1. Using the structure shown, decide if A152 is of a type in the set (A, V, I, L, M, F, W, C), surrounded by fewer than 18 Cβ atoms within 10 Å (Cβ to Cβ), farther than 29 Å from R185 by Cα and at pLDDT 95 or above.
2. Does L3 meet the test of being modelled with pLDDT of 85 or more, surrounded by 13 or more Cβ atoms within 10 Å (Cβ to Cβ) and more than 17 Å from the chain's Cα centre (by Cα)?
3. Just give me the residues in the stretch 106-127 being assigned to a helix (DSSP H, G or I) and either surrounded by fewer than 19 Cβ atoms within 10 Å (Cβ to Cβ) or modelled with pLDDT of 95 or more (or both), in sequence order.
4. Which of the following residues is surrounded by 15 or more Cβ atoms within 10 Å (Cβ to Cβ), without any contact (Cβ under 8 Å) to a residue 60 or more places away in the chain and part of a helix (DSSP H, G or I): M136, M172?
5. So the check is Cβ under 6 Å with 6+ separation or different chains; which pairs have a first residue in the stretch 97-124 that's over 25 Å from F193 (Cβ atoms) and a second one that's part of a loop (DSSP other than H, G, I, E, B) and modelled with pLDDT under 70?
6. Does M39 satisfy being modelled with pLDDT under 95, surrounded by fewer than 17 Cβ atoms within 10 Å (Cβ to Cβ) and more than 30 Å from L116 (Cα to Cα)?
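The values are calculated or read from the model by the stated rules, or taken from the named source; none is laboratory data. Treat the numbers as computed from the prediction; the structure is a model and nothing was measured. Don't worry about glycine lacking a Cβ; one is built from the backbone with ideal geometry, like all the others, and counts go over all protein chains shown.
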Amino acid sequence: MSLALAGKIAWAAMAVGWYILRYPFDRRAKRVRVSVDQMKRADRVRLAISLTGLGVIPAIYALTGQPSFASYQPNALLFVLGILIAATALIMFRLTHKALGRMWSVSLQLKEDHRLITTGIYGQLRHPMYTAFWLMALAQALLLPNWVAGLAGLVGFGFLFFSRIGPEERLMEEAFGEEYGAYKRRTKRVIPFVY
């Protein structure tokens, strides 16, 4: 098996793993009443752009090898690093979903009787699910030896992150006031001890 094919298979396994981890939480979330919903058209567009970069473009590459002009020789060290980062991303997804439980949502929503989660992985980071997505995008860049398909996740998710993080934090500040302010002061957004 070629290293390029192994990278495509590893990327697909990461994507399937993400889906398997998320599916039960998505089903459960649909049964919990929403008290605040900011899933507006702009958020749908952000999610679509992120999905295009993390799902559609790399899937096209994995299935067809296109765009072939952007392919380069795979590197074994980058492949191994990509596998390790993909595994870390999936572990982070599991930890975030487990900590959030019924408070989880795909968009900017607050559930009925919503409470601020500050335990588990949320004790160190305010947005560890975004950390997991950054790791997933980085793993994609390392696993897929194609400048377009590999980097599409960083661009697509990067757009979602930088356009959504502000509104999400404002929503939490409005909902939880000083409790969120204190939480914000003692934690980082997505990178422990850094940012």
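1. Answer is no for this residue.
2. When the stated conditions are applied, L3 passes them.
3. G120, G123
4. Details: M136 fails: without any contact (Cβ under 8 Å) to a residue 60 or more places away in the chain.
Of the residues listed, the single one that is surrounded by 15 or more Cβ atoms within 10 Å (Cβ to Cβ), without any contact (Cβ under 8 Å) to a residue 60 or more places away in the chain and part of a helix (DSSP H, G or I) is M172.
5. R102/V32; S107/M39; L108/Q38; K111/V32; E112/R33
6. For M39, the condition - modelled with pLDDT under 95, surrounded by fewer than 17 Cβ atoms within 10 Å (Cβ to Cβ) and more than 30 Å from L116 (Cα to Cα) - is not met.
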